[in-house]
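Take a look at the structure set out below.
Taken together, the values in this text are just the output of simple stated rules run on the coordinates, not laboratory data. Quantities reported herein were computed from a predicted structural model and do not represent experimental measurements. Heads up, the Cβs are rebuilt from the backbone with ideal geometry, glycines too, and the neighbour counts pull from every protein chain shown.
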Ligand SMILES: C[S@@+](CC[C@H](N)C(=O)[O-])C[C@H]1O[C@@H](n2cnc3c(N)ncnc32)[C@H](O)[C@@H]1O
């Protein structure tokens with residue numbers, strides 16, 4: 001077994017993260033670069049140290065999960081969500097089950113809460129938000145952001161939903177209460193059933209074709225009839241019909257029945 005395969009094995013046993021489902025070239029290069037930065041030139045040595053050093057371990061998890069996010073990331077797509085997709089979803093239903101499935105540090109589920117207030121009272125909004133990375137989830141629950149991550153938000157949203165704290169912005173408790181955060185590994189855990197909207201953006205790009213296909217099938221099973229899947233800007237699905245999806249707009253797919 002080569003060093004990388006051994007390393008993947010050890011990481012899986014320790015963290016439950018199956019690196020074999022992520023694109024190997026990209027992931028291996030990133031891990032080797034991080035190990036080298038910390039002074040290790042062999043992956044087994046690096047693993048021995050991160051197995052015994054929590055700080056090193058969490059740095060590693062944080063690094064491989066890539067938590068980059070921002071509010072209303074790719075704003076044009078959020079405009080489509082608001083103006084074209086939400087009216088479809090709300091045509092026959094009042095309450096919606098919405099799942100942000102790789103929510104990172106919370107910008108995506110909190111953006112969904114803000115957008116939903118254009119259609120219902122804040123108290124009526126409920127978002128399920130999950131991620132594999134517990135540290136990211138803790139940050140999401142804290143809800144403190146740098147000004148730059150709010151750059152796509154209208155000043156009306158910033159004034160209504162944030163409290164400025166020196167150079168940082170804290171999301172209000174009223175918004176926080178609308179989101180239920182929990183840990184979920186897309187590769188192996190059960191998905192919340194009967195979702196009307198699944199938002200899965202900027203995570204599938206890291207997975208192998210096989211892992212992606214497995215996840216699309218599970219999304220299809222987790223969506224209600226006519227439910228909608230919202231993907232990231234480089235994550236269009238090849239052959240959506242295979243998963244019982246039809247494209248409705250770029251980056252949006254509906255489950256056929
Ligand atoms: C680049 S962020 C995307 C955040 C947000 N969806 C966005 O588009 O701005 C990718 C997120 O996917 C999460 N992730 C990676 N592998 C995952 C897995 N197997 N299951 C669930 N989340 C995963 C990472 O922890 C990270 O927070």
| task | Quote the convex hull volume per residue of the range 6-146, based on C-alpha atoms, as a whole number of Å³. | result | 146 Å³
| request: Can you tell me the alpha carbon radius of gyration of the range 44-96 divided by the globular rule-of-thumb value 2.2 N^0.38 Å? | output: 2.08
| task | With everything on Cα atoms, drop me the angle between helix 43-52 and the longest principal axis of the chain, reported from 0 to 90° to the nearest 10. | result | 70 degrees
| query | Mean separation of Cα pairs under 8 Å and 6+ residues apart, divided by the residue count of the chain: what relative contact order is that in percent? | reply | 17 percent
| Based on the Cβ-Cβ distance of residue 121 and residue 36, what FRET efficiency does E = 1/(1 + (r/R0)^6) give at R0 = 45 Å, to the nearest 0.05? | 0.30
| message | Relative contact order for the range 3-65: what percent, with Cα pairs under 8 Å and sequence separation of 6 or more? | response | 32 percent
| note | Residue separation between residue 83 and residue 246 times 0.36 nm, minus their alpha-carbon distance, gives in nm 56.8 nm
| request: For the chain, state the average projected area of the convex hull of the C-alpha atoms over all orientations, rounded to one decimal in nm². | output: 14.4 nm²
| task | Note down the relative contact order for the range 129-238 as a percent, whole number, built from C-alpha pairs under 8 angstrom at least six residues apart. | result | 27 percent
| note | Largest-first semi-axes in Å of the equivalent ellipsoid built from the Cα gyration tensor of the range 192-255 are 16, 13, 11
| request: Sort largest first and round to whole Å: the equivalent ellipsoid semi-axes of the range 3-65, each the square root of five times a Cα gyration tensor eigenvalue. | output: 15, 13, 11
